[in-house]
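Participant: Just dropping this structure here.
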Amino acid sequence: MNYIKLIKLLYSYNIIEKLLPSYMVVKTHSLARKYFLANFFKTIPKTQFIPDKIYHKKLWHLTFQFPLMNSAGMFKNAEGYDLISAIGAGGYLGGTSTYNKRVGNYKHHILHPTIILKNSKIAINFLGLPNLGDEILSKQIITKHKMKNCPIGWSISRETQINEQQSLDNLIKSLWLYHNKEQIDFIEINESCPNILISTHDKNNALAHRLEYISTHFLKKRERPLPITVKFSNDLSINNLKNILKLLLYYQFDGIVLGNTSTNYKAICPNVHTTEQKLFNYFTNKFGGGVSGQILKQQSLSLSTNAVSLIKQLNPNHEFHVIRSGGIDSINDIMQSNNAGISLNQWYSGFFDNYIKYEDNVYKHFQSVK
């Protein structure tokens, strides 16, 4: 049985949910995810699909061949560019990585716990940013055949298991490592990961300090036009959004990404399918982690739409873009983003939901829908 058929069997018919206790369901899902991704990274598309020029999006000095690409977390260790570019993705985003290597989360004898709740169209993960570390990853050859109009981005995060100053200094080191890597076209700084306890609601203005530090020690010293965006959680409030945008513009960042997964379990739980609430409560109580999937799409659209409106009011003196990430899984989502003035879209759970159906034609399918 090939890996796609196995995943369809596991996730389309809820077999394991009916037969196994909650702990074993999580363990099985987590192992199946690893098997799927290991094989997915090795996939060689039979044909190449190049989107029509009418779908191209120009951000900064870069052209993205389609307004949709993967979000951070799909290719943590620089895998998959040749696959993702060949099937028509707008761009490629590696990471999220950290300066030091991370094994990721291991809890209740499960490494990188994750689960998919099919009826609710959501996924929950407690991965903890496993990656090889930026000193290694910045030396990786992402591709030997970089495609025109499929830019390469990289997502990085500071480390919270060390003190704030050291984590900032390491983040600056990571920024320079990727700045000096010719293949990298843009960088996304992750301020949103719920699995390493990053907060965007600092009462002591720690976020402002971090942005100022990055601006002083990196942005103002860049030696090439390398756009830097910052990613924030889907749980961000509109009130905080305006303050954050003012900071990003003042310190000359190039864009904002909204938003990552959610940890607002109380708000999400009533929307979980009745057959899956037991698993949802089990996972969030035992592991925590971030929720992704369709349930995030209205909030990500609202945040991003408000960000576009606020940017117009703030009238920046440099090019600044709003990128939407969260719950995207259909061409209608792309159309809504475009109508709202959102520059680019990222997907993760929605990609795999569609990939199971359309495999290498996933981006081609999006362009065939009228």
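The values are calculated or read from the model by the stated rules, or taken from the named source; none is laboratory data. Since the model is a prediction, treat every value here as computed from it, not as a measurement. Note that each Cβ is placed from the backbone with ideal geometry, even for glycine, and that neighbours are counted across all protein chains shown.
Participant: Only one of these conditions is not met by residue 315: (1) farther than 19 Å from residue 60 by Cβ; (2) of a type outside the set (A, V, I, L, M, F, W, C); (3) more than 22 Å from the chain's Cα centre (by Cα). Which number is it?
Facilitator: Condition not satisfied by residue 315: (1).
Participant: Right, next: Starting from the stretch 48-72, keep only residues that are free of Cβ contacts under 8 Å to residues at least 40 places away in the same chain and among the aliphatic types (A, V, I, L, M), then list their pairs with residues that are surrounded by fewer than 23 Cβ atoms within 10 Å (Cβ to Cβ) and in a loop (DSSP other than H, G, I, E, B) whose Cβ atoms are within a distance under 9 Å, requiring at least 6 positions of separation or different chains.
Facilitator: Correct list of pairs: 50/147; 50/149.
Participant: From the residues in the stretch 80-123 that are within 19 Å of the chain's Cα centre (by Cα) and of a type in the set (S, T, N, Q), which one is nearest to residue 344 (Cα to Cα)?
Facilitator: Here the residue is 85.
Participant: If residue 39 satisfies all but one of (1) within 17 Å of the chain's Cα centre (by Cα); (2) at pLDDT below 95, what's the number of the condition it fails?
Facilitator: The single condition residue 39 does not satisfy is (1).
Participant: Residues in the stretch 349-361: is at least one outside any helix (DSSP H, G or I) and either of a type in the set (D, E, K, R) or closer than 28 Å to residue 46 by Cα (or both)?
Facilitator: no
Participant: What about residue 172, is it in contact with an Asp or Glu (Cβ under 6 Å, 6 or more places away or on another chain), at pLDDT 95 or above and not charged (D, E, K, R)? Walk me through how you get there before you give the answer.
Facilitator: Numbers: in contact with an Asp or Glu (Cβ under 6 Å, 6 or more places away or on another chain): no; at pLDDT 95 or above: yes; not charged (D, E, K, R): yes.
In short, no.
Participant: Please work out which residue is surrounded by the fewest Cβ atoms within 10 Å (Cβ to Cβ), limiting yourself to the stretch 305-329 and to residues that are touching a residue at least 24 places away in the same chain (Cβ under 8 Å) and in a loop (DSSP other than H, G, I, E, B).
Facilitator: 318
Participant: Which one of 356, 334 is within 20 Å of the chain's Cα centre (by Cα) and surrounded by fewer than 18 Cβ atoms within 10 Å (Cβ to Cβ)?
Facilitator: That would be 356, the only listed residue that is within 20 Å of the chain's Cα centre (by Cα) and surrounded by fewer than 18 Cβ atoms within 10 Å (Cβ to Cβ).
Participant: Would you confirm, using the coordinates I've provided, whether residue 231 is modelled with pLDDT of 95 or more and among the basic types (Lys, Arg)? Break it down stepwise before answering.
Facilitator: Values: modelled with pLDDT of 95 or more: yes; among the basic types (Lys, Arg): yes.
When the stated conditions are applied, residue 231 passes them.
Participant: Show the residue pairs meeting these rules: Cβ distance below 7 Å; 6+ apart or different chains; first residue within the stretch 206-221 and without any contact (Cβ under 8 Å) to a residue 40 or more places away in the chain and at negative phi; second residue in a helix (DSSP H, G or I) and buried (at least 16 other Cβ atoms within 10 Å of the Cβ).
Facilitator: 208/247
Participant: Just give me the residues in the stretch 285-304 being surrounded by fewer than 21 Cβ atoms within 10 Å (Cβ to Cβ) and polar (S, T, N, Q), in sequence order.
Facilitator: Passing the criteria: 285, 294, 298, 299, 302.
Participant: Still on this model: Find the residue count for the stretch 256-304, including only residues that are touching a Leu at 6+ places or on another chain (Cβ under 7 Å), closer than 23 Å to residue 127 by Cα and either small (Gly, Ala, Ser) or part of a helix (DSSP H, G or I) (or both).
Facilitator: So the count comes out to 6.
Participant: Continuing with this model, one more query. Just need a number here: residues in the stretch 98-128 that are touching a strand residue (DSSP E or B) at 6+ places or on another chain (Cβ under 7 Å) and of a type in the set (Ser, Thr, Tyr).
Facilitator: Final tally of qualifying residues: 2.
Participant: Being at pLDDT 95 or above, over 25 Å from residue 151 (Cβ atoms), loosely packed, with under 15 Cβ neighbours inside 10 Å and not aliphatic (A, V, I, L, M) is the requirement here; does residue 239 meet it?
Facilitator: Considered against the rule, which asks whether it is at pLDDT 95 or above, over 25 Å from residue 151 (Cβ atoms), loosely packed, with under 15 Cβ neighbours inside 10 Å and not aliphatic (A, V, I, L, M), residue 239 comes out as no.
Participant: Taking residue 124, is it β-branched (Val, Ile, Thr), surrounded by fewer than 24 Cβ atoms within 10 Å (Cβ to Cβ), in contact (Cβ under 8 Å) with a residue 24 or more places away in the chain and in contact with a Gly (Cβ under 7 Å, 6 or more places away or on another chain)?
Facilitator: Judged against the criteria, residue 124 is not a match.
Participant: Let me ask something additional. Do you know which residues across the stretch 251-304 are aromatic (Phe, Trp, Tyr) and farther than 23 Å from residue 153 by Cα?
Facilitator: 265, 280, 282, 283, 287
One line per residue, one yes/no per condition, for (1) touching a Lys or Arg at 6+ places or on another chain (Cβ under 8 Å); (2) farther than 23 Å from residue 363 by Cβ:
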site: 102; (1), (2): no, yes
site: 123; (1), (2): no, no
site: 129; (1), (2): yes, yes
site: 134; (1), (2): yes, yes
site: 141; (1), (2): no, yes
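Participant: From the list 80, 91, 95, which one is touching a strand residue (DSSP E or B) at 6+ places or on another chain (Cβ under 7 Å) and at pLDDT below 95?
Facilitator: Matching residue, one of 80, 91, 95: 95.
Participant: Further question: Is it true that some residue in the stretch 196-207 is buried (at least 21 other Cβ atoms within 10 Å of the Cβ) and either modelled with pLDDT of 95 or more or not hydrophobic (A, V, I, L, M, F, W, C) (or both)?
Facilitator: No, that holds for no residue.
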